[in-house]
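Heads up: the structure comes next, in structure tokens.
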Amino acid sequence: MKKIAFLLIAGLIMGFAQVSMAQKVAIKSGSLSSLSGATELRVEYTYDNMMVGKMKEADYIAKKTKEYNDKEPGKGDEWAKAWVSDRETRYQPRFQDGFNNFCNLTSVNFHIDPNSGSKIRMVVHTTFTEPGYNIYMSSKNASINAEVTFFDEAGTQFAMVTITNSPGSGIWDLDYDTGVRIQEAYANAGRAMAVEILDQAFGK
């Protein structure tokens, strides 16, 4: 019942009930129970071998860069730079804020920080990105899939969690920029991961 209450709160924060329904979180191996004594995790991010839609990321970047440059010289090169830089400036902060702000709603003293001195690590590996689109009256939601792996102080993996179809913004939103659409998928993923840890490790 406690977890259900948290999911309801998450749904309110996200704004739409379908956000929490569409997103799936599953523990694929190990257990998160050992986090019960922790107050902080060092979070890291990887994007190795990520698929974008039905394409490998490198192929997607090459395709979009050419399309934009053909329309306006230099525009594609700027887009390609933003595609990578958005990770540090938009996506990762939104994941952390989503996670930490959700934890702040509880009495549990627990948060994630990329600059933490904690030897316990949470590695967020984005395996899939759907950039979505918003072209006037036509729109498709952005979304991401991720594998979240946990390592203890000795560097041994003790759990893996998958997040599937974490939705970004879509129709009715002023999200004509790719980064704006995708960043909300990370915020939702951060909140979902917080819910899972609070439930499995702290019984909340």
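The values are calculated or read from the model by the stated rules, or taken from the named source; none is laboratory data. Just so it is clear, the structure is predicted and the values come from calculations on it, not from any experiment. Backbone-built Cβ (ideal geometry, glycine too); neighbour counts: all protein chains shown. Only protein heavy atoms, including side chains, enter the accessible area calculation; ligands, DNA and RNA are left aside. Shrake-Rupley method; radii C 1.70, N 1.55, O 1.52, S 1.80 Å.
Apply the Debye scattering formula to the stretch 58-204, with a single equal point scatterer on each alpha-carbon and no solvent, then give log10 I(q)/I(0) at q = 0.10, 0.20, 0.21 Å⁻¹. For the requested q values the scattering log ratios are -0.41, -1.25, -1.33.
The amide H of residue 41, built 1.01 Å from its N in the peptide plane, has 111, 112, 113 as neighbours under 5 Å, considering only residues 5 or more places off or on other chains. The protection proxy used here, the mean number of other Cβ atoms lying within 10 Å of each residue, ranks peptides 74-80, 152-158 as follows, highest first: 74-80, 152-158.
What FRET efficiency would be calculated for the residue pair residue 29, residue 116, taking the C-beta separation as r and a Förster radius of 25 Å, to the nearest 0.05? Working from the Cβ atoms, E equals 0.60. Taking all protein chains as they are arranged and a probe of 1.4 Å, the heavy atoms of residue 125 leave approximately 40 Å² accessible to solvent.
Only one residue of 39, 91, 80 has its Cα farthest out toward the positive end of the dipole of the stretch 39-100, where Lys and Arg carry +1 and Asp and Glu -1 on Cβ, and that residue is 80. Spacing of the modelled spin labels on residue 109 and residue 177, each 7 Å from Cα toward Cβ, amounts to 3.7 nm.
Pairs exceeding 29 Å between alpha-carbon atoms, taken from 24/75; 28/64; 54/81: 24/75; 28/64. Take residue 43: with every protein chain present and a 1.4 Å probe, its accessible area is about 0 Å². Taking θ as phi - 60° and the Karplus parameters 6.51, -1.76 and 1.60, the scalar couplings of the stretch 152-165 work out to 7, 5, 8, x, 8, 5, 10, 6, 9, 10, 10, 10, 10, 6 Hz in sequence order, x denoting glycine and proline. Note on residue 44/residue 133: beta-carbon distance plugged into 1/(1 + (r/R0)^6) with R0 of 35 Å gives a FRET efficiency of 0.75. Only protein heavy atoms count here; under a 1.4 Å probe, residue 68 has an accessible surface of about 50 Å². Once the convex hull of all Cα atoms in the stretch 68-151 is built, its volume per residue stands at 140 Å³.
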